[in-house]
Amino acid sequence: MKTLLLGADGIDIAADIIRRGGIVGMPTETVYGLAASAFDTEAVAHIFEAKGRPQDNPLIVHIAEIGTLETLCAEVPEAARRIAERFWPGPLTMVFKKKPVVPDRVTAGMDTVAVRFTAHPVAQELIRKSGVPIAAPSANVSGYPSPTTAAHVMRDLDGKIDACIDGGECDCGVESTVVSMVGRPRLLRPGSVTLEQLSEIVPDITVDKAIRGEIADTERVSAPGMKYRHYAPSAPVVAVCGEASASAGYIASVMKDGELCICYDEFAGLFAGRPCVAYGSAKDKKALAHGVFSALREADRLSPSKIYVQCPDDGGVGLAVANRIKKAAGFNVVNV
Ligand code: TXA
Ligand code: MG
């Protein structure tokens with residue numbers, strides 16, 4: 001199939017494709033998504049096919065007005081309403097008990113549905129014009145880093161999807177924060193809406209253990225996506241955690257010919273003459289979130305034999321950045 005690359009003025013065409021059962025790459029404030037009508041099970045099946053996504057990994061349903069929430073969810077607790085008021089539209093997904101109208105194909109047979117009210121104007125307009133809620137995972141080949149530009153989407157999925165809307169670079173750079181609102185609030189995936197921010201509204205929030213550590217294949221996980229090696233270039237990745245100059249010094253001392261370092265901007269000079277990709281300032285975790293996936297893709301393009309990554313601490317958006325790096329590393333972590 002020929003994949004149409006559309007500009008932001010191509011939303012009408014993209015909405016038409018979605019209404020006819022096609023699948024479209026769309027920009028959001030987090031990462032690019034691969035969009036289909038959430039009510040069209042055949043189109044949703046095509047999403048899984050195009051990505052090579054495991055069948056047991058459910059999709060997020062994207063909405064463009066708060067009223068749609070009631071049509072999808074059987075129960076919306078009071079705490080969820082408070083979170084929605086503060087963070088929606090935005091980079092946050094909440095999981096609820098689903099209504100029968102949400103197809104099993106979308107939720108991978110779970111009795112819950114993940115819903116996100118995106119803030120991106122192009123995504124919002126696409127949802128409105130399509131006239132349906134939009135099921136969309138990240139628009140990457142399964143297991144590969146999430147796409148933060150239309151060029152990333154095309155590199156992964158050209159010829160496998162009907163179209164992609166180019167809305168420029170994504171603002172956040174890491175996928176949405178996912179919180180289960182079934183029972184006690186639980187953080188399933190960290191993102192740009194931070195644990196600290198959520199704790200102000202729901203102080204009893206807990207953190208899923210899959211976020212900081214590896215989980216065995218046999219263990220049950222709350223967000224099925226958490227159990228796969230993810231965001232991973234072909235080369236083995238090592239996450240190096242600790243104070244910025246210490247982690248840079250460690251990497252400089254162990255790095256061999258043919259290996260590459262993904263470092264903070266401040267240390268690019270230290271690695272001059274060696275393969276190195278800088279992904280943002282050590283002092284600016286938002287910049288690190290913005291740059292991390294692009295850096296992993298760029299590192300992969302240079303086909304090194306090993307990739308070392310300077311990994312921030314868990315404070316604020318650091319929890320999300322560190323989680324993506326550790327997952328890319330298959331939890332091969334060095335603490336310095
Ligand atoms: O920022 C984002 O969330 C992007 C953009 C496109 O919206 N989407 C995204 O989708 O990252 P995806 O499919 O790559 O990741 C969705 C995560 C997976 O870990 C999945 O297992 C989890 O959300 N998830 C989806 N439905 C769920 C449910 N009913 N219960 C628990 N976890 C769920
Ligand atoms: Mg994904």
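The values are calculated or read from the model by the stated rules, or taken from the named source; none is laboratory data. Remember, predicted model here, so these are calculated numbers, not experimental data. In this analysis, Cβ positions are derived from the backbone assuming ideal geometry, glycine residues included, and neighbour counts consider all displayed protein chains. We work out accessible area using only protein heavy atoms, side chains counted, and drop any ligands, DNA or RNA first. Shrake-Rupley method; radii C 1.70, N 1.55, O 1.52, S 1.80 Å.
Numbers below:
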{"read-out": "Selection count, the stretch 117-144, where residues are within 10 Å of ligand 1 (Cβ to nearest atom) and not in a strand (DSSP E or B)", "value": "8"}
{"read-out": "Filter result for residue 150 (surrounded by fewer than 24 Cβ atoms within 10 Å (Cβ to Cβ), more than 16 Å from ligand 2 (Cβ to nearest atom) and farther than 30 Å from residue 101 by Cβ)", "value": "yes"}
{"read-out": "Members of the stretch 253-262 found to be more than 14 Å from residue 278 (Cα to Cα) and not β-branched (Val, Ile, Thr), listed by number", "value": "253, 255, 256, 257, 258, 259"}
{"read-out": "Selection status of residue 301, surrounded by fewer than 17 Cβ atoms within 10 Å (Cβ to Cβ) and under 17 Å from residue 140 (Cβ atoms)", "value": "yes"}
{"read-out": "Subset of the stretch 104-126 (residues that are open to solvent by less than 10 Å² (accessible area, probe 1.4 Å) and closer than 18 Å to residue 15 by Cα)", "value": "118, 123, 126"}
{"read-out": "Subset of the stretch 65-88 (residues that are open to solvent by 10 Å² or more (accessible area, probe 1.4 Å), in contact with a helix residue (DSSP H, G or I) (Cβ under 7 Å, 6 or more places away or on another chain) and not basic (Lys, Arg))", "value": "66, 76"}
{"read-out": "So residue 141, is it within 14 Å of ligand 2 (Cβ to nearest atom) and out of contact with any strand residue (DSSP E or B) (no Cβ under 9 Å at 6 or more places or on another chain)", "value": "yes"}
{"read-out": "When residues of the stretch 6-32 are limited to those that are β-branched (Val, Ile, Thr) and away from ligand 1 (no atom under 14 Å from the Cβ), the one surrounded by the fewest Cβ atoms within 10 Å (Cβ to Cβ)", "value": "13"}
{"read-out": "Answer from 282, 287 - the residue that is part of a loop (DSSP other than H, G, I, E, B), under 23 Å from the mean Cα position of the chain (by Cα), of a type in the set (Gly, Ala, Ser) and crowded, with 17+ Cβ neighbours inside 10 Å", "value": "282"}
{"read-out": "Any hit, the stretch 230-246, residues being touching a residue at least 24 places away in the same chain (Cβ under 8 Å), open to solvent by less than 60 Å² (accessible area, probe 1.4 Å) and out of contact with any helix residue (DSSP H, G or I) (no Cβ under 9 Å at 6 or more places or on another chain)", "value": "yes"}
{"read-out": "Selection status of residue 35, open to solvent by less than 10 Å² (accessible area, probe 1.4 Å) and in contact (Cβ under 8 Å) with a residue 40 or more places away in the chain", "value": "yes"}
{"read-out": "Of all residues making up the stretch 167-193, the number that are buried (at least 20 other Cβ atoms within 10 Å of the Cβ) and farther than 21 Å from residue 98 by Cβ", "value": "9"}
{"read-out": "Unmet requirement for residue 21, which otherwise passes all of (1) touching a residue at least 60 places away in the same chain (Cβ under 8 Å); (2) closer than 17 Å to residue 137 by Cα", "value": "(1)"}
{"read-out": "Residues of the stretch 90-103 satisfying the condition of being open to solvent by 60 Å² or more (accessible area, probe 1.4 Å) and touching a residue at least 12 places away in the same chain (Cβ under 8 Å)", "value": "97, 99, 101"}
